[in-house]
Amino acid sequence: MCGICAVTGRRDATPIIFEGLRRLEYRGYDSAGIATLCNGQISRRRAAGKLSNLGEVLGQEPLAGTTGIGHTRWATHGVPNTTNAHPHGTSRVAIVHNGIIENFERLRSELEAAGQVFETETDSETIARLVDQYLQEGYLPQEAAFAALDRLEGAYAVAMIFAGHDGLLIGARHGAPLAVGYGDGEMFLGSDSLALAPLTRRIAYLEDGDRVVVTSEGAMFFTEDGQPAQRAIQTTAFIAGAVGKDGYRHYMEKELHEHPLVIGQTLRRMIDPARRRIALPDMPFNLAEVPRAVISACGSAFYAGMIGRYWLENIARLPVDIDVASELRYRDPPLAPGSLGIMISQSGETADTLAALRSLRGKGLSVLSVLNVEHSTMARESDVVFGTVAGPEISVASTKAFTAQLTVLACLTVALARARGAIDIAGEEELVSSLLDLPSRAAEALQQGDDIRRMAEIVAEAQDVLYLGRGSAFPVAQEGALKLKEISYIHAEAYAAGEMKHGPISLIDRSVPVVVTVPSGALFEKTLSNVQEAKARGGRILAFTDTEGAARVREIAEHVVVMPRVSEFLAPVVQVIPTQMLAYEVALLKGTDVDQPRNLAKSVTVE
Ligand code: F6R
């Protein structure tokens with residue numbers, strides 16, 4: 001969602017901020033803007049649409065100054081036009097804001113009564129006008145900023161500059177992330193370490209409620225109640241080189257090709273290869289005593305959790321409840337004492353998943369989170385974190401983070417199965433051996449591009465597509481359908497294959513391709529029968545299977561993509577790769593904005 005990049009130092013602020021905003025593009029946005037301080041005066045430039053539009057505006061009317069704030073906006077309150085683009089402000093203060101101010105209407109009425117004239121439909125402008133009001137009453141910048149922050153309800157990360165105070169930035173974090181970067185004679189604020197990647201690797205993360213006063217000399221941190229605080233400077237592992245496209249056309253294409261690498265890196269964290277055993281980090285609870293698990297996540301991460309549920313139930317014999325985080329947080333289910341919460345998130349900042357995490361911890365559960373961003377809010381608030389070592393995922397549509405999440409969940413399943421006595425040492429060694437084989441099988445899966453492109457030509461012509469799968473192939477179908485919707489804008493629905501005859505079968509005709517994931521194994525024949533039912537009604541069948549299932553599937557399907565055979569346990573990890581590749585190829589044919597699909601944001605920090 002919205003991104004913030006700010007700088008104060010010796011160099012021209014605008015190009016530094018502009019490049020920082022470029023690195024934040026992946027979060028999703030629909031307008032952008034920059035404000036700087038020059039000789040004590042605030043000037044700003046804003047534009048709706050892509051950053052190139054802002055670049056044109058800056059080309060016509062450059063912005064001077066060595067202190068400035070910049071923003072990419074993902075609209076919540078107010079349409080995505082230039083007026084509503086950030087920074088917002090007055091002649092005294094300019095602010096950029098990520099999040100939602102929940103009490104903005106009340107504050108707005110109060111400020112209007114006091115004579116403030118609002119220019120936009122946004123909740124964010126309230127922050128600027130509130131700070132301005134305090135400045136008009138004679139408060140100094142820090143006092144005015146803190147007094148305004150005290151009155152805000154909701155979620156925010158903000159950065160502010162003040163007329164007459166060149167060299168000063170004030171930032172705050174409350175439910176949305178903000179980081180401080182330490183440079184050489186210059187300092188930065190950014191929504192995440194990626195924004196700051198080429199500028200500095202020395203980063204301090206604000207804790208929730210923190211405020212920070214930044215000059216080119218350093219940063220002073222304060223807690224929500226105004227007490228000075230120390231925040232450690234960490235050296236981030238995310239370096240600039242990790243965020244290039246490496247010759248691929250899109251980040252999504254690059255990230256698809258990183259599946260084998262990230263699976264391997266993630267396994268190395270969780271497996272002792274010499275002993276063929278799972279080696280988990282220390283945990284503040286005993287796995288053997290966990291009676292039940294509650295999994296929650298959003299979007300693709302939720303589908304990874306669905307596959308995790310099949311594994312935990314079938315292999316570890318652990319009862320599992322699962323719900324999307326936006327529902328779990330309001331369902332208030334009765335929970336068995338000692339149950340383990342398992343949260344899954346690439347960003348570690350998704351507002352709904354964070355709220356579900358807090359609600360489970362509030363009920364006394366321990367929470368284990370499967371996260372890709374190690375300095376995220378969820379990482380700080382979890383009892384234990386299992387990291388997915390996927391590196392920065394820039395494309396809005398998740399790909400490599402998904403297989404990395406599955407890798408972690410598979411290792412956790414084996415560890416739990418062993419701890420609960422569901423498998424013995426030989427069983428653990430066998431499952432670990434198949435896990436160690438995964439990176440090579442994922443690399444083979446990536447070789448099927450030509451077949452997938454032929455399939456994509458059929459899908460790209462369709463207006464609706466049905467995805468089918470059974471057992472752990474059902475969430476694979478759901479992930480495939482989500483990816484197609486996200487990046488090609490074609491309507492797709494996934495059904496458990498056995499459910500089709502209870503309704504969706506009436507949709508089937510030649511114009512609705514049926515994409516089925518049908519790996520060999522216990523559910524192979526059952527799934528094929530469902531596919532036959534679709535074919536008998538004129539459906540065009542496009543199938544993903546494996547070498548063992550290929551001959552039978554070819555009798556029925558118009559196009560077949562054959563994946564390498566892996567154990568039934570790990571089939572979903574390999575089978576999901578071609579479904580993501582299919583979505584990518586269809587998006588290429590449709591000419592959509594693959595890495596930044598319309599209306600979507602990478603890190604969804606609002607409810
Ligand atoms: C789909 C996608 C989203 C995310 C979801 C959760 O391609 O990227 O559905 O999976 O928004 O995000 P995280 O994993 O950051 O919590």
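The values are calculated or read from the model by the stated rules, or taken from the named source; none is laboratory data. Everything numeric here is computed off the predicted structure, so don't read it as measured data. Note that each Cβ is placed from the backbone with ideal geometry, even for glycine, and that neighbours are counted across all protein chains shown. The area values use the complete protein model at the heavy-atom level, side chains included, leaving out ligands, DNA and RNA. Shrake-Rupley method; radii C 1.70, N 1.55, O 1.52, S 1.80 Å.
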For this session: Tabulate in residue order the Karplus-calculated ³J(HN,Hα) for region 447-458, using 6.51 cos²θ - 1.76 cosθ + 1.60 with θ = phi - 60°, rounded to whole Hz; enter x for Gly and Pro.
Result: 7, 8, x, 5, 4, 5, 4, 5, 5, 4, 4, 6
For this session: Describe numerically, in nm with one decimal, the distance between label points set 7 Å from Cα along Cα→Cβ at R510 and at E327.
Result: 3.8
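Within the set of other residues whose C-beta is less than 10 Å from the C-beta of T236, count the net charge using Lys and Arg as +1 and Asp and Glu as -1. It would help to have the intermediate numbers written out before the result.
Working: positive: R201, R202; negative: D192, E374.
Net of charged neighbours comes to 0.
Sorting check: for 78-87, 338-347, which peptide has the highest mean count of neighbouring beta carbons within 10 Å, and how do the rest follow?
Details: 78-87: 20.2, 338-347: 26.1.
Packing proxy ranking, top to bottom: 338-347, 78-87.
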Problem set entry | Rg and Dmax [Cα atoms of region 418-518; Å; Rg one decimal, Dmax integer] | 17.6, 51
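Check each of the GluC sites (Glu not before Pro) in region 174-264 and keep only those in coil by DSSP with at most 13 other C-beta atoms within 10 angstrom; list them in order. Write down the numbers at each step before the final one.
On the way: sites: E186, E207, E217, E224, E253, E255, E258; in loops: E186, E207, E217, E224, E258.
Answer in residue order: E217.
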Problem set entry | Vicinal HN-Hα couplings computed from phi for region 47-54 (Karplus, 6.51 cos²θ - 1.76 cosθ + 1.60; Hz; Gly/Pro x) | 7, 6, x, 6, 4, 4, 5, 5
Seminar exercise, completed: For the chain the mean separation of alpha carbon contacts under 8 Å (6+ apart) over residue count, i.e. relative contact order in percent, is 12
For this session: Taking H placed 1.01 Å from N in the peptide plane, check which residues at least 5 places from V560 or on another chain put their amide H under 5 Å from its amide H.
Result: A543
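Rank-order 510-523, 541-554 by packing density, defined as the average count of other C-beta atoms within 10 Å over each peptide's residues, highest first.
Details: 510-523: 22.1, 541-554: 20.2.
Ranking, from highest mean packing down: 510-523, 541-554.
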For this session: Determine which residues of region 537-561 fall in the zone a paramagnetic label at E525 would reach in this model, i.e. backbone nitrogen under 20 Å from the point 7 Å along Cα→Cβ.
Result: 545-557
Seminar exercise, completed: For the chain, longest principal axis from Cα atoms; helix 259-270 axis from its Cα atoms; angle between them, nearest 10 degrees, is 90
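Quick one: grab the alpha carbon gyration tensor of region 245-436, order the square roots of its eigenvalues as a ≥ b ≥ c, and give me rounded if a/c is under 1.5, else prolate or oblate depending on whether a/b is larger than b/c.
Numbers: a/c = 1.91, a/b = 1.10, b/c = 1.74.
Oblate.
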For this session: Over all alpha-carbon pairs in the chain, figure out the percentage whose distance exceeds 43 Å.
Result: 25
Exercise. On average, how much accessible surface per residue is there in region 3-242, in Å², for a 1.4 Å probe, leaving out ligands, DNA and RNA?
Worked result: 37
For this session: Calculate the spin-label point distance for R106 paired with E19, positioning each point 7 Å from the Cα along the beta-carbon direction, and give it in nanometres.
Result: 4.4
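At a threshold of 8 angstrom on Cα-Cα distance, excluding pairs fewer than six apart, so keeping six or more, what relative contact order does region 447-607 reach in percent?
Working: 301 pairs, mean separation 46.8, N = 161.
It comes to 29 percent, rounded to a whole number.
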Seminar exercise, completed: Amide H proximity to I322 below 5 Å, modelled H, separation 5+ or other chain, gives I295
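Expressed as a whole percentage, what fraction of the accessible surface of region 447-607 belongs to carbon and sulfur atoms when a 1.4 Å probe is rolled over the protein heavy atoms? Please list the in-between numbers first.
Details: 2770 of 6060 Å².
Roughly 46 percent of what the probe reaches on region 447-607 is carbon or sulfur.
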Seminar exercise, completed: In whole angstrom, the spacing between the Cα centers of region 414-450 and region 455-485 equals 25
Problem set entry | Accessible area per residue, Å², region 325-433 with all protein chains present, probe 1.4 Å | 30
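Which value in deg cm²/dmol, rounded to the nearest 500, describes the helix-derived mean residue ellipticity at 222 nm for the chain, given -39,500 (n - 2.57) per DSSP H run of n ≥ 4 and division by the residue count?
My calculation for the chain gives -11500 deg cm²/dmol from helical runs alone.
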Exercise. Given +1 on the Cβ of Lys and Arg, -1 on the Cβ of Asp and Glu, and no further charges, what dipole in debye does the chain carry about its Cα centre, rounded to the nearest 20?
Worked result: 900
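Could you work out what % of the accessible surface of region 3-242 is carbon and sulfur, using a 1.4 angstrom probe and leaving DNA, RNA and ligands out of the count? Please list the in-between numbers first.
Details: 4170 of 8850 Å².
Carbon with sulfur: 47 percent of the solvent-accessible area.
I want the local charge near G539. Using Cβ-Cβ distances under 9 Å, sum +1 for each Lys or Arg and -1 for each Asp or Glu among the other residues.
Counting the neighbours of G539, the net charge comes to +2.
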For this session: Give me the accessible area per residue for region 449-566, probe 1.4 Å, as a whole number in Å².
Result: 39
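Please state the shape class of region 3-242: rounded when a/c is under 1.5, otherwise prolate if a/b exceeds b/c and oblate if not, all from the C-alpha gyration tensor.
Numbers: a/c = 1.42, a/b = 1.14, b/c = 1.24.
Because its axes are fairly even, with a/c under 1.5, region 3-242 counts as rounded.
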For this session: For region 527-533, take each phi angle, set θ = phi - 60°, evaluate the Karplus expression 6.51 cos²θ - 1.76 cosθ + 1.60, and give the result in whole Hz per residue in order, putting x for glycine and proline.
Result: 5, 4, 4, 5, 5, 4, 4
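Multiply the residue separation of E143 and E119 by 0.36 nm, subtract the distance between their alpha-carbon atoms, and state the gained length in nm to one decimal.
Working: separation 24, 0.36 × 24 = 8.64 nm, distance 2.46 nm.
So the chain would gain 6.2 nm between E143 and E119.
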Problem set entry | Distance between region 546-583 and region 346-395 - C-alpha centres, whole angstrom | 32
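Taking 25 Å as R0, compute the FRET efficiency from the Cβ-Cβ separation of E153 and Q227 and round it to 0.05.
Values: r = 21 Å, r/R0 = 0.84.
Calculated value: 0.75.
Could you tell me whether region 83-139 comes out rounded, prolate or oblate from its Cα gyration tensor? Rule is a ≥ b ≥ c as square roots of the eigenvalues, rounded for a/c under 1.5, then prolate if a/b exceeds b/c, otherwise oblate. Intermediate values should be presented prior to the final figure.
On the way: a/c = 1.60, a/b = 1.21, b/c = 1.33.
Oblate shape, in that a/c is at least 1.5 and b/c is the bigger or equal ratio.
Could you check how much of the accessible area of region 245-436 is carbon and sulfur, as a whole percent, using a 1.4 Å probe?
Details: 3230 of 6900 Å².
Looking at region 245-436 in its full context, I get 47 percent from C and S.
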Exercise. Reachable lysines from K590, Cα under 17 Å, same-chain residues fewer than 8 places away excluded?
Worked result: K483, K485
Seminar exercise, completed: Taking R0 as 41 Å and r as the Cβ-Cβ distance between R249 and D12, the FRET efficiency 1/(1 + (r/R0)^6), rounded to the nearest 0.05, comes to 0.80
Seminar exercise, completed: The helix 400-419 Cα axis meets the longest alpha-carbon principal axis of the chain at an angle in degrees, between 0 and 90 and rounded to 10, of 60
Exercise. Which percent, nearest 5, of DSSP beta bridges in the chain are antiparallel?
Worked result: 60
